[in-house]
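A short worksheet on the structure shown next.
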Amino acid sequence: MDRTERFYKIDQMIHERRLVSFVALQEALEVSRATLKRDLEYMRNRLNAPIIWDRDAGGYRFDALHPAGGGQYELPGLWFNSSEVHALLTMQHLLASLDPGGILTPHIQPLMARLNSLLGTAHNAAEEVRRRVLIVGLGKRELKLAHFEKVGSALLRRKQLTITYFARGSGETTVREVSPQRLVYYRENWYLDAWCHLRQGVRNFALDSIQQAEVLEIKAREVSRRAMNETLGPGYGIFSGGALKLAKLRFSPERARWVAQESWHLKQKGKFAADGSWLLEFPYADHRELLMDILKFGVDVEVLAPADLRSRVAHEIECMKTMYER
């Protein structure tokens, strides 16, 4: 960590523990004795940190009654790393889009205020951070809060759930009894992984496609985490499950400069070809989501394998061409 981060770490440790030994600070910061001594002197002499050595207690603490130099103690500005600022702004993004009629509504303002205070610690006003850094969500579908609450209640109480479900792929509406296993937030939308008693297997349900939901006073069937991951985890995207196939894609040299830095799957493999194109392969089970992701690259991507996926992409392109010509 750099020096500014060390200052914040020292400040945090003394605030939390009230008294911190030299050895504890050195181990936490992973620096030499000389470096730690210079950091402490800089904080006292240049930043007016009221840090004193308590000989009797054997550690450093803050002297709140006598700030060093009599000045105001203030740490230098520290910007969040990418994951921290994304987490804070995403939390605010989710809270701001919450249905105002929900049971969490009375608790939102204090939580938003706390997030604002955290954003403000980066030496910038929270409003300025939000104005300069945007979290853009695309493809979010409308979700009925009442259904979400019932699904969440059944999930945590370990009860079965009756749902009336509209499957967009087939246009079919069915009534299912399911045992909820986990909720998944993926690409701006909520999904329920559950054991479907109608299909006798693990299935994935989009919450926005649930038309009715009722909690049953029947104990939910438990499915092990391992079994869930084996069924829903290995494939590509949210539509996984079933036998795995290996997708092999080639991206043009122009597009390769972007795609080579992207994560498509935890078990993906990629390499540059001699002409600068990017060869990418990863497992998938269901073609639906993958098909959409491939088509958005247009002429900059070629499906090398399997033949089934290649033919599906070709068919979609032909259909789009026909519609365009009309």
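The values are calculated or read from the model by the stated rules, or taken from the named source; none is laboratory data. Because the structure is a prediction, the values reported are computed rather than measured. No Cβ is skipped: glycine too gets one built from the backbone with ideal geometry, and neighbour counts run over all protein chains shown.
Of the numbered criteria (1) part of a strand (DSSP E or B); (2) in contact (Cβ under 8 Å) with a residue 24 or more places away in the chain, the one GLU289 fails is (1). Pairs meeting the criteria (first residue in segment 248-275 and closer than 13 Å to VAL301 by Cβ, second residue among the charged types (D, E, K, R) and in a loop (DSSP other than H, G, I, E, B), beta carbons under 8 Å, at least 6 apart or on different chains) are PRO253/ASP275.
Report the residue count in segment 44-72 for those that are modelled with pLDDT of 90 or more and in a helix (DSSP H, G or I). Of the residues in segment 44-72, 0 are modelled with pLDDT of 90 or more and in a helix (DSSP H, G or I). Just one of the listed residues (GLU142, GLU149) is part of a helix (DSSP H, G or I), charged (D, E, K, R) and surrounded by fewer than 18 Cβ atoms within 10 Å (Cβ to Cβ), and it is GLU149. Scanning segment 279-288 for residues that are more than 21 Å from ALA260 (Cβ to Cβ) and buried (at least 17 other Cβ atoms within 10 Å of the Cβ) returns ALA285, ASP286, HIS287.
Restricting attention to segment 294-326, the residues that are surrounded by 11 or more Cβ atoms within 10 Å (Cβ to Cβ) and without any contact (Cβ under 8 Å) to a residue 40 or more places away in the chain total 10.
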